Amino acid sequence: MNGLKNSGIGRFTSNIIGLRDSFLKSFLREGKPTTDLSRTAVMANNFFLHVQGAKVHINTLRPGYTLGLGLISLYLLLITVVTGILLMIYYNPSIENAYNTVKDVNYVVFTGRLLRNMHKWGGEGMIISVILHMARVFYTNSYKKGREFNWIIGVALLILTFGINLSGYMLPWDQLSYWALVIVANIIQSPKEVTDVLGITKLFDIGTFSKELFLGGLNAGKEALTRVYLLHIMLLPLILFIFLGVHFWRIRKDGGLTKPEGFEIKDSDTRYISGQERKAEVFPANKTYGLMELVKAKTPAVNRDIENNVLSWPNLILAETAVFFFTLAVVMVYSFYINAPLRELANPLIPENPAKAPWYFLGLQELLSYSAFMGGVGLPGLALLGLALIPYLDREQQQIGVWFSGKRGKYIALESLVVGSVVLIGLLAIVIKYGWLRTWWPDIPQLFIILINPGNIWVGFMIIWSLFVIKRTDSTRMGAIALFTMFLLSYVILTYVGTELRGPNWAFYWSKSQWPLH
Amino acid sequence: MSSETIDKTEISRRSFLSLAALWSAVLPAIALLGGIFRMVKPDVHYEESIRFRIGTAENFPVGTMKKLDDKKVFIFSTDNGLHAISSICTHLGCIVNITEWGFQCPCHGSRYNQNGKVIAGPAPRSLSWHEISQDIDGSLVVDASREVPAGTVLKLKA
């Protein structure tokens, strides 16, 4: 029977029998990840995994350090991409059909409502997770040692997250979409407020020009919907993914996540060691030397860094998978119970009262109600510039990778939280109770309103307070902590005021139940 | 001028040519980007004309006000004549409502008096007064692209 075995048919049969093994071998190259070598190879050879190192520092695996926030942001993005592509099957971006197709998705299409909810809440969840991720990176002092530029990329990703969310908000073409579009278009036009004051609008009307570029006309109409749709599904995601690639690439090039200098392992860390080595100590003393120890260059210190690294497969991959399923579960359960809003068809004649932007911009809308230019362009621009410059203005290289850079930082953060709350809430109370300059002097020129309004005063206070902290503690890091804490605080407080305490005509109400019926 | 300073300002043929080559690459790139931006600015507006007819004077008896919703304008008829006030809030473009004190914007709380002058809120400018004219056939024409000073009215020929 030897002849049959060596015949073409015989070899073909054995190929079929061995299909599973030969396919796996071609896929994994180094075989199943059962030894340290093959576990390393699986990370290095896989296109999707190789952006991460074959080894990972134990500090990175500690849930209390990263809180998984960067990963959660990434997974939320993936969820919105998948659900977004599915929604595009039915959505039609024209003012005649947009509203009806979204309604169909909501009420007729199989699982349509769940997908739309997941898309909406996944996207808005990204805003929260990205801001929290930024806060984690900031408070653990992780924007230093070559990571300065990656912080800026992160700020750009935050802006893109806001932009994609906002452009998506306009697509259903219901009342919320339409009036958000009108308001955004006018914010884009708001530099006109300044050119008007300077009297140069006739020569240089940058505001109206930008508005026309955005809307494709002078009013929000079908041209505008096409442009917003293009921004939402093509231009902004494209830029987002490019920046995301750079963001991840630079994390790798910067040597992974930050870790505290005096990092200490625990006994329980033996769980990260796989297979036979587990019987030995956590990190066996009989170490081998590689090329790394021979080359004269900046290498990890012997007996320190190298030893606190463990294999990424399976430790990191398991943790990442767990975070993914956690994120997916939260989004699905939330979307199952909470519906994304859909109002009546857009009506250019009747604004909603109050006409509110999506919640993540209601803090800005509160500032907008003082001055369109400062609230919509001036102050957000200043805040983003300030955020981007943090790593360049605070260059102290101590206590990297330590939450709040130690005890004093915790105290400063708490102090700024209390002082900031008192000042901001006090300021808002004055504005709500007594009004502002125009209430007192109705004929006041617009220039004064642009220059002196509650938003500017608050930002001015934040800057002066941070300088005061720097002077008192003799540390720029402490000043940065004060400034950043107040920035987060003002985002939360202003968003709360805009969302819950502002009713029809943007008047103050303690709760929605007090709104007048109309 | 000493000869040394002249030496410094002199440019070698090699670096002149390099610079010229560099700029001949940079300038087209800028022009290209400019062209892309210009392409984005629309040359056709798919919108209704902002100069429109509103019928004859009989439609507007003295002492009345008409709100033309789709044209976003209020037409007032008084003893002095006719005037048109825009209903677009100068803050962020919401449509203002008429109230006992004048106009009120529902979006961010701007208030205007009966002449459209800002009296409260964030609006940077007063509501604009549009030009009204009477055509040769007697019909009234509002031109929303032309602003007239507040208080300008169209006296109707009797």
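The values are calculated or read from the model by the stated rules, or taken from the named source; none is laboratory data. Because the structure is predicted, anything quoted here is derived from the model rather than measured. Using ideal geometry, Cβ is built from the backbone for each residue, glycine included, and neighbour counts are taken over all protein chains shown.
Scanning the stretch A:348-373 for residues that are in a loop (DSSP other than H, G, I, E, B) and more than 10 Å from chain B (Cβ to nearest Cβ) returns a single hit, A:Pro358.
Only residues that are among the hydroxyl-bearing types (Ser, Thr, Tyr), farther than 30 Å from A:Ser369 by Cα and exposed (fewer than 15 other Cβ atoms within 10 Å of the Cβ) were counted across the stretch A:392-441, and they come to 2. Set side by side, the residues A:Gly401, A:Gly406 differ, and just one is free of Cβ contacts under 8 Å to residues at least 12 places away in the same chain, more than 14 Å from every other protein chain (Cβ to nearest Cβ) and more than 20 Å from the chain's Cα centre (by Cα), which is A:Gly406.
No other residue among A:Ala383, A:Ala346 is at pLDDT 90 or above, closer than 30 Å to B:Val118 by Cβ and either polar (S, T, N, Q) or in contact with a Phe, Trp or Tyr (Cβ under 7 Å, 6 or more places away or on another chain) (or both) apart from A:Ala383. The set of residues in the stretch B:102-146 that are more than 12 Å from every other protein chain (Cβ to nearest Cβ), in contact with a helix residue (DSSP H, G or I) (Cβ under 9 Å, 6 or more places away or on another chain) and not in a loop (DSSP other than H, G, I, E, B) comprises B:Gln134, B:Leu140. Has the stretch B:11-18 got any residue that is at pLDDT below 85 and part of a helix (DSSP H, G or I)? Looking through the stretch B:11-18, none of the residues is at pLDDT below 85 and part of a helix (DSSP H, G or I).
Just checking, how many residues over the stretch A:223-252 are without any contact (Cβ under 8 Å) to a residue 24 or more places away in the chain and not acidic (Asp, Glu)? Adding up the residues that qualify gives 8.
The C-beta contact set for the stretch B:108-125 (first residue modelled with pLDDT of 85 or more and among the aromatic types (Phe, Trp, Tyr), second residue assigned to a loop (DSSP other than H, G, I, E, B) and crowded, with 24+ Cβ neighbours inside 10 Å, distance under 6 angstrom, 6+ apart or interchain) comprises B:Tyr112/B:Leu127. Is it fair to say A:Leu61 is of a type outside the set (Ser, Thr, Tyr) and farther than 30 Å from A:Leu225 by Cβ? The answer is yes for A:Leu61.
Please determine whether any residue of the stretch A:416-423 is at pLDDT 90 or above, under 30 Å from A:Gly262 (Cα atoms), out of contact with any Pro (no Cβ under 7 Å at 6 or more places or on another chain) and not assigned by TED's automatic domain parsing to the domain that holds A:Tyr139. Checking the stretch A:416-423: at least one residue is at pLDDT 90 or above, under 30 Å from A:Gly262 (Cα atoms), out of contact with any Pro (no Cβ under 7 Å at 6 or more places or on another chain) and not assigned by TED's automatic domain parsing to the domain that holds A:Tyr139. Is it the case that A:Ile233 is under 26 Å from A:Gly123 (Cα atoms) and not basic (Lys, Arg)? Here the answer is yes, as A:Ile233 does meet what is asked. Against the list (1) surrounded by 15 or more Cβ atoms within 10 Å (Cβ to Cβ); (2) assigned to a loop (DSSP other than H, G, I, E, B); (3) touching a residue at least 60 places away in the same chain (Cβ under 8 Å), the condition A:Glu30 fails is (3).
Against the list (1) more than 12 Å from every other protein chain (Cβ to nearest Cβ); (2) crowded, with 21+ Cβ neighbours inside 10 Å; (3) of a type in the set (Gly, Ala, Ser); (4) under 30 Å from A:Asn100 (Cα atoms), the condition A:Ser142 fails is (4). Screening the stretch A:193-218 for residues that are surrounded by 21 or more Cβ atoms within 10 Å (Cβ to Cβ), in contact (Cβ under 8 Å) with a residue 24 or more places away in the chain and not hydrophobic (A, V, I, L, M, F, W, C) and picking the one that is farthest from A:Leu364 (Cα to Cα) gives A:Lys211. The condition of being away from chain B (no Cβ under 13 Å), aliphatic (A, V, I, L, M), closer than 20 Å to A:Leu77 by Cα and assigned to a loop (DSSP other than H, G, I, E, B) holds for A:Ala340.
The rows are residues; the columns are (1) assigned to a helix (DSSP H, G or I); (2) within 14 Å of chain B (Cβ to nearest Cβ).
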{"residue": "A:Thr439", "(1), (2)": "yes, yes"}
{"residue": "A:Ile444", "(1), (2)": "no, yes"}
{"residue": "A:Leu447", "(1), (2)": "yes, yes"}
{"residue": "A:Met462", "(1), (2)": "yes, no"}
{"residue": "A:Ile470", "(1), (2)": "yes, no"}
{"residue": "A:Pro516", "(1), (2)": "no, yes"}
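Residues in the stretch B:74-100 that are more than 12 Å from chain A (Cβ to nearest Cβ) and either in a strand (DSSP E or B) or hydrophobic (A, V, I, L, M, F, W, C) (or both): B:Phe74, B:Ile75, B:Phe76, B:Ser77, B:Leu82, B:His83, B:Ala84, B:Ile85, B:Ser86, B:Ile98.
The residues of the stretch B:58-79 that are surrounded by 14 or more Cβ atoms within 10 Å (Cβ to Cβ) and either charged (D, E, K, R) or modelled with pLDDT of 85 or more (or both), listed by number, are B:Lys66, B:Lys67, B:Lys71, B:Lys72, B:Val73, B:Phe74, B:Ile75, B:Phe76, B:Ser77.
Scanning the stretch A:315-344 for residues that are under 30 Å from A:His57 (Cβ atoms) and exposed (fewer than 15 other Cβ atoms within 10 Å of the Cβ) returns A:Leu318, A:Thr321, A:Ala322, A:Phe325, A:Phe326, A:Ala329. When A:Ala180 is tested against (1) small (Gly, Ala, Ser); (2) at negative phi; (3) more than 24 Å from the chain's Cα centre (by Cα), only condition (3) is not met. Acidic (Asp, Glu) and at pLDDT 90 or above - does that describe any residue in the stretch A:88-99? Checking the stretch A:88-99: at least one residue is acidic (Asp, Glu) and at pLDDT 90 or above.
In this structure, A:Tyr75 does satisfy being surrounded by 15 or more Cβ atoms within 10 Å (Cβ to Cβ) and in a helix (DSSP H, G or I). Evaluating A:Asn186 against the criteria (1) buried (at least 19 other Cβ atoms within 10 Å of the Cβ); (2) farther than 19 Å from B:Met39 by Cβ; (3) modelled with pLDDT of 90 or more; (4) not hydroxyl-bearing (Ser, Thr, Tyr) leaves one unmet condition, (3).
Looking for something part of a helix (DSSP H, G or I), closer than 20 Å to A:Gly216 by Cα and touching a residue at least 24 places away in the same chain (Cβ under 8 Å) - is there at least one such residue anywhere in the stretch A:155-165? Looking through the stretch A:155-165, at least one residue is part of a helix (DSSP H, G or I), closer than 20 Å to A:Gly216 by Cα and touching a residue at least 24 places away in the same chain (Cβ under 8 Å).
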